[in-house]
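Working notes for the structure below.
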Amino acid sequence: MAGAYLGIGEADAVINVGVSGPGVVKNAIDRALQSNPDIDLGQISELIKKTAYRVTRVGELIGREVAQQLKIRFGVVDLSLAPTPHVGDSVGEIFQSLGLLSIGVPGTTAALALLNDAVKKGGAFASSRVGGLSGAFIPVSEDLNISQAAADGYIGLDKLEAITSVCSVGLDMVAIPGDTSAETVAAIIADEMAIGVVNHKTTATRLIPVPGKSAGDKAHFGGLLGQSIIIPVNNARGENKFIRHGGLIPAPIHSLNN
């Protein structure tokens with residue numbers, strides 16, 4: 001299952017195309033493994049790259065045709081594997097196709113690094129101007145498979161934070177207990193900020209403190225926002241003297257990397 005989204009800017013007329021196809025990538029991997037169960041990780045990476053290329057190329061051609069018809073400027077193509085809460089449209093299912101029991105088990109970070117790298121390489125080659133984040137998203141409540149993995153205990157906040165070091169964004173659509181303190185939420189955001197700054201990448205947090213809900217409860221958000229188990233947070237209601245210090249953390253030094 002793949003989706004293409006045309007965005008038209010009003011102030012400066014331009015068409016940007018967003019293409020999402022986690023189901024397409026999963027099906028390509030499944031077909032390859034059926035024909036050759038001994039395919040190695042390098043070959044799988046190449047397969048994902050070629051699949052990303054095809055999907056992105058179609059998005060670019062459609063976007064350029066529409067822009068020409070409307071006589072407005074063509075912008076960029078964003079190939080981001082953004083899932084929906086529907087079977088067959090899940091990033092989490094790709095991990096199972098790659099041979100993992102579930103997203104969250106050992107091997108998850110390596111698999112996500114492989115997936116993200118291949119998607120970016122294929123998308124960059126297919127489009128004259130790649131925009132957005134163009135990689136795999138891991139939004140817990142919006143992905144039926146990842147939401148179930150959280151409910152089954154295969155993935156929690158610690159592992160979600162770890163994989164943000166290699167995925168396109170940060171902690172995404174993570175439901176946490178409603179009584180989690182502001183200091184703890186700020187500390188989680190600070191951790192994500194540190195990952196982004198040190199690794200030169202985009203990070204963010206979409207944390208959802210759900211009023212009246214505790215760890216292990218379930219929250220239903222509806223529509224494309226999906227549903228999720230409330231994920232436990234260490235020291236959820238405790239104080240955090242580190243965050244209370246306030247001020248600015250100095251920027252890391254990069255000159256010594258040369």
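The values are calculated or read from the model by the stated rules, or taken from the named source; none is laboratory data. Only a predicted model underlies this, so the values are computations on that prediction, with no experimental measurement involved. Note that each Cβ is placed from the backbone with ideal geometry, even for glycine, and that neighbours are counted across all protein chains shown.
Here Ile229 does not fit the description of being within 28 Å of Gly18 (Cα to Cα) and touching a residue at least 12 places away in the same chain (Cβ under 8 Å). Filtering the stretch 109-138 to residues that are out of contact with any helix residue (DSSP H, G or I) (no Cβ under 6 Å at 6 or more places or on another chain), at pLDDT 95 or above and surrounded by 23 or more Cβ atoms within 10 Å (Cβ to Cβ) leaves only Leu115.
Every residue, every condition in (1) under 16 Å from the mean Cα position of the chain (by Cα); (2) within 25 Å of Phe95 (Cα to Cα), yes or no:
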position	(1), (2)
Asp143	yes, yes
Thr164	yes, yes
Cys167	yes, yes
Ile176	no, yes
Ala182	no, no
Ala187	no, no
Phe221	no, yes
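Collect the residues in the stretch 89-112 that are within 22 Å of Asp40 (Cβ to Cβ) and outside any loop (DSSP other than H, G, I, E, B), keeping them in residue-number order. Of everything in the stretch 89-112, those that are within 22 Å of Asp40 (Cβ to Cβ) and outside any loop (DSSP other than H, G, I, E, B) turn out to be Glu93, Ile94, Phe95, Gln96, Ser97, Thr108, Thr109, Ala110, Ala111, Leu112. Taking the stretch 209-237 as the range and being part of a loop (DSSP other than H, G, I, E, B), surrounded by 11 or more Cβ atoms within 10 Å (Cβ to Cβ) and either outside the structural domain of Ala190 (by TED's automatic domain parsing) or not aliphatic (A, V, I, L, M) (or both) as the test, the residues that pass are Lys213, Ser214, Gly216, Asp217, Phe221, Gly226, Pro232, Asn234, Asn235, Arg237.
Annotation: of all residues in the stretch 61-83 being of a type in the set (S, T, N, Q) and exposed (fewer than 15 other Cβ atoms within 10 Å of the Cβ), the one that is nearest to Ala118 (Cα to Cα) is Gln68.
Quick check, is Lys201 at pLDDT below 95, of a type in the set (D, E, K, R), touching a helix residue (DSSP H, G or I) at 6+ places or on another chain (Cβ under 7 Å) and not in a strand (DSSP E or B)? Taking the combined requirement at face value, the residue does not satisfy it.
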